[in-house]
Amino acid sequence: MPEIFNILISLISILISMAFFTILERKILSYIQLRKGPNKVSLMGILQPFSDALKLFNKTFTLPTMSNFTLILLAPLLTFFLSLIMWPLLPLSSFNIIDSSFNLLILFIISSLSVYTLLTVGWSANPKSA
């Protein structure tokens, strides 16, 4: 039980630190562009990532009227599935789930397949120019 608790605390701290890294990135980019940075939400922009997440969740999901709905909805699932397939190939410890001499080659092959999901979404929207 304590090991799971340590892993959970580590994951939460990594996620929170990523929020502060985005604040740092926005501040550095604002100094490069001679702006003041994200300080509109709270004290020095501390709550800016949470405001961005709230704005993202409030966006409406609209689909083009002449699109193929199944392809648009299944392509992100295929991308997620491909990333899950690549996970056992990563050499994270001394005992791998899949131990082969071709792990890196298989990893590159599977990662190159994710391009086709982007092409599928663009093609399934039935644009007028295509």
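The values are calculated or read from the model by the stated rules, or taken from the named source; none is laboratory data. Small disclaimer: the values here were computed from a predicted structure and weren't measured. When we count neighbours, we look across all protein chains shown, and the Cβ atoms used for this are built from the backbone with ideal geometry, even at glycine.
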Residue pairs, Cβ under 7 Å, 6 or more apart or interchain, first in the range 2-28 and on the phi < 0 side of the Ramachandran plot and small (Gly, Ala, Ser), second surrounded by 10 or more Cβ atoms within 10 Å (Cβ to Cβ) and assigned to a helix (DSSP H, G or I). List them.
Ala19/Pro49
Please determine whether any residue of the range 3-16 is at pLDDT 80 or above, of a type in the set (Val, Ile, Thr) and under 30 Å from Gly122 (Cα atoms).
no
